[in-house]
Structures are given as C-alpha cells and as structure tokens.
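What follows is a set of notes on a single structure, which appears directly below.
The values are calculated or read from the model by the stated rules, or taken from the named source; none is laboratory data. Quick caveat, the model's predicted, so the values are computed rather than measured. Neighbour counts run over all protein chains shown; Cβ positions are idealised from the backbone, glycine included. Please note that ligands, DNA and RNA were not included when accessible areas were found on the heavy atoms of the full protein model with its side chains. Shrake-Rupley method; radii C 1.70, N 1.55, O 1.52, S 1.80 Å.
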Amino acid sequence: MMLMKLQSDVRRSKNRNQEMLSEFNPMAQEIVAPPSWNMRRKRNVGGNVAAANAIHSNAFAKNNIGRRERKNGYEQPPVEVHGKKRMSSRTKVAQRQDSIRRTVYVSDIDHHITEEELAALFLGCGQVVDCRVCGDPRSILHFAFVEFTDENGARAALTLSGTMLGYYPIKVSPSKTAIAPVNPTFLPQTSDEREACERTVYVTSIHKKVSQEDVLRFFETVCGKVYRIKQLGDKQHSSHIAFVEFALAESATAALNCSGVVLGSLPIRSVFHI
C-alpha cells in the first residue's frame with residue numbers, strides 16, 4: 001500500500017515538472033496577447049510619438065518665427081562690441097541706398113574745374129555734403145559725384161544739366177553708386193597736421209622732364225616760400241604729380257590760381273588744397 005502511494009506521488013511530481021519545463025520548450029504553443037493589450041500599447045506609443053512631434057513642431061515654429069522676424073526687419077537692436085555698435089547688414093544697405101538717392105553724377109567737366117568750383121555751382125540746389133572730381137589727368141574732361149543732404153537737392157541738381165562750366169557744358173544725371181567714404185586714418189589727426197594741410201597744394205600734369213627743383217623755383221617765384229616739396233612719377237606716365245607745402249597758408253591760396261599755367265611744355269591741370 002505504501003509502495004503504491006509513493007509511486008503515485010512520484011508520477012504527480014514528474015507531471016508537474018513536465019508542465020513547468022513545457023513553458024521553456026521551443027516547441028510549446030505560442031502565447032498570443034489579447035487584442036485589448038495591443039490597443040493599449042498602440043495608444044501609449046502613439047502618445048509618445050505625438051508628444052515628440054509636438055516638441056519638434058514647437059522648436060521648428062520658434063525657429064521659423066525668429067527667421068520671419070529677421071526677414072521682416074524685426075531684428076534686435078545693434079549690440080555693442082568693445083564700446084562700438086555693430087550695424088546689421090540690412091541697416092548698411094538702407095543707408096547706402098539713401099546715400100545713392102542723394103547723389104548725382106556729373107560728367108563732361110572741364111579739367112581746369114576744381115572741386116570747390118563744382119560744389120559752388122550746386123549750392124543753389126541744396127547743401128552739398130561731399131564733392132569728388134575724378135578722371136585721367138591726361139584727359140580734358142573729368143567726372144564727379146556730388147552728394148546732398150536730402151533727395152530734394154539731388155533732384156534740383158538735375159536741372160543744371162547743360163550748364164556751361166569752363167569750356168564745356170556739364171551733364172548731370174542720377175548716380176548709380178554712393179561716394180566711397182574716406183578712411184579716417186588718412187585724415188589729419190592733430191592741429192599741427194590740419195594746419196600743414198592748409199598750407200599744402202596738390203599739383204598734377206607736370207611734364208616728366210620738369211624736375212622737382214624747377215617746380216620749387218616756379219612756386220617760390222610766383223606764390224612765396226616753399227617749406228617742403230615732394231614730386232612723384234614713373235616712366236610709364238608722361239606727367240608727374242607733386243605735393244607742395246608752403247610756409248604760409250596765403251601762399252597756398254595763391255597757388256590755386258596757377259591752374260592752367262604752362263610749366264615746361266604742359267599746363268598744370270589742377271592745383272588744390274589737400
């Protein structure tokens with residue numbers, strides 16, 4: 001009797017072990033999750049994806065708003081770097097366009113006409129901010145850019161096209177470019193340098209065979225004592241230039257009347273203060 005009971009317990013224990021091991025058996029039947037569990041999982045995953053998309057959309061919208069603000073001109077004010085305000089590129093373009101609208105282009109200018117004489121012609125149109133005469137020293141006609149304080153002055157200047165200035169009628173038209181700003185490091189920095197500039201004139205169209213001593217002798221005879229002179233030139237050009245610094249400012253003013261005087265075999269084409 002005891003033996004039969006023992007055999008029965010062994011069989012039950014063996015059956016339980018087989019049932020436990022069947023869960024790890026690769027041939028056992030696959031456990032399939034109920035549909036309700038899958039739906040809950042999809043809802044959770046979808047919620048996480050939606051949250052991630054919302055974060056990404058908010059960041060994208062924030063960046064787009066920043067770009068739209070910059071595009072529409074709602075930028076932050078210029079920041080200061082080492083005490084200097086840094087100007088945005090949009091502001092620089094706007095200022096340049098405004099300068100162009102206030103500037104006129106003048107062509108067919110007699111080479112004897114100085115910047116002071118040209119600026120004086122346009123004083124009736126408005127206040128002149130800047131006047132730059134340019135051109136080849138060997139050409140009889142030059143051109144210039146004249147900038148006014150406002151657009152009204154530039155429009156009034158257009159009516160002077162055809163005016164006789166020197167031996168030729170000038171042509172005045174709207175400018176397509178602004179006058180290039182002067183590098184401030186090239187300007188006189190001290191009162192002594194400014195005073196020296198008032199006593200100095202710039203001379204062009206000096207024949208290459210005329211020596212520096214000839215130029216010095218000419219101006220001392222006609223205008224007064226020369227404190228310093230520097231003549232420059234090369235073999236490629238037929239004429240030279242010179243900077244003549246006088247001892248007195250009155251002598252430099254008198255030298256302005258020497259434009260057109262023949263020195264050697266060429267007339268001095270322009271003499272003006274630096």
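Some values worked out for this structure:
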{"item": "All positions within the range 97-139 that are surrounded by 15 or more Cβ atoms within 10 Å (Cβ to Cβ) and either in contact with a His (Cβ under 7 Å, 6 or more places away or on another chain) or in a loop (DSSP other than H, G, I, E, B) (or both)", "result": "102, 109, 111, 112, 113, 114, 122, 125, 126, 133, 135, 137"}
{"item": "From the options 239, 265, residue that is in contact with a Pro (Cβ under 9 Å, 6 or more places away or on another chain) and either acidic (Asp, Glu) or more than 15 Å from residue 196 (Cα to Cα) (or both)", "result": "239"}
{"item": "Test: residue in the range 155-172 that is at pLDDT 90 or above, closer than 20 Å to residue 252 by Cβ and in contact with a Ser or Thr (Cβ under 9 Å, 6 or more places away or on another chain)", "result": "no"}
{"item": "Pairs where the first residue, in the range 160-175, is in contact (Cβ under 8 Å) with a residue 24 or more places away in the chain and the second is exposed (fewer than 15 other Cβ atoms within 10 Å of the Cβ) and in a loop (DSSP other than H, G, I, E, B), C-beta under 6 Å, 6+ apart", "result": "169/162; 170/163"}
{"item": "Residue satisfying condition, being at pLDDT below 95, out of contact with any helix residue (DSSP H, G or I) (no Cβ under 7 Å at 6 or more places or on another chain) and open to solvent by 40 Å² or more (accessible area, probe 1.4 Å), within set 233, 260", "result": "233"}
{"item": "Residue within the range 152-159 that is closer than 22 Å to residue 111 by Cβ, of a type outside the set (D, E, K, R) and assigned to a strand (DSSP E or B) present", "result": "no"}
{"item": "Residues of the range 176-199 that turn out to be open to solvent by less than 80 Å² (accessible area, probe 1.4 Å), assigned to a helix (DSSP H, G or I) and without any contact (Cβ under 8 Å) to a residue 12 or more places away in the chain, as a count", "result": "1"}
{"item": "Residues located in the range 200-236, provided they are in contact (Cβ under 8 Å) with a residue 40 or more places away in the chain and not in a helix (DSSP H, G or I)", "result": "200, 201, 202, 203, 204, 205, 206, 207, 209, 210"}
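Residue by residue, here is whether (1) under 22 Å from residue 140 (Cβ atoms); (2) touching a strand residue (DSSP E or B) at 6+ places or on another chain (Cβ under 8 Å) holds:
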{"site": "213", "(1), (2)": "no, no"}
{"site": "226", "(1), (2)": "no, yes"}
{"site": "235", "(1), (2)": "no, no"}
{"site": "242", "(1), (2)": "yes, yes"}
{"site": "248", "(1), (2)": "no, no"}
